[in-house]
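First the structure, in the form of structure tokens, and then the observations on it.
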Amino acid sequence: LIVPGNVFLLRVFFQAIPASLYESARMDGAGEFTMLARIALPLCKAGMATVTFFIILLYWNDAFTALMYTEDPALTPLQLMLTRLVNYVQYIKQSEISGGLIASGGALPENSLMFAMCCIATGPMLFVFSFFQKYFVRGLTAGAIKE
């Protein structure tokens, strides 16, 4: 249910917050929830944005759930169509290797169609990544440097 990499990433961010900030907040009368909401979460925006991007990317690329729950062909998501196309191309290549003939009017442009669908499927995530980029780089390099 929880991705361990995301938990580790957020753990690194929360451990990087100095204990003196929490101590001074306690002296001012702040409770645990106030310290989380006003100190920890604002300082961990980069980590939260990185984890949010990872979760969005995980659900964007999920074709298995659509395979299990969608019956209407009009509701088929792009990733499921791409998965089916890749499986079809592999089937075509296996049948050509085993000597089977495909009765078609010529060679199908399987690879061109597959790469075009990959570009279309990648487009929205590139758009979302442009908004998360400044947080993403900071979030991934947070645990790399020890002070």
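The values are calculated or read from the model by the stated rules, or taken from the named source; none is laboratory data. Computed from a predicted structure; not experimentally measured. Reconstructed Cβ throughout: ideal geometry from the backbone, glycine too, with neighbour counts over all protein chains shown. The accessibility values were calculated without ligands, DNA or RNA, using every heavy atom of the protein model including side chains. Shrake-Rupley method; radii C 1.70, N 1.55, O 1.52, S 1.80 Å.
Just a few scattered comments:
- Rounded to the nearest whole Hz, the Karplus-based 3J(HN,Hα) values (6.51 cos²θ - 1.76 cosθ + 1.60, θ = phi - 60°) of region 68-74 follow the sequence 6, 10, 9, 10, 7, x, 6, with x at glycine and proline.
- On the beta carbon distance between residue 117 and residue 2, with R0 = 35 Å, the FRET formula returns roughly 0.65.
- Based on protein heavy atoms only, region 17-97 ends up with 70 Å² per residue of surface accessible to a 1.4 Å probe.
- A crude spin-label estimate for the pair residue 129 and residue 68, with each label 7 Å from Cα along the Cβ direction, gives 2.8 nm.
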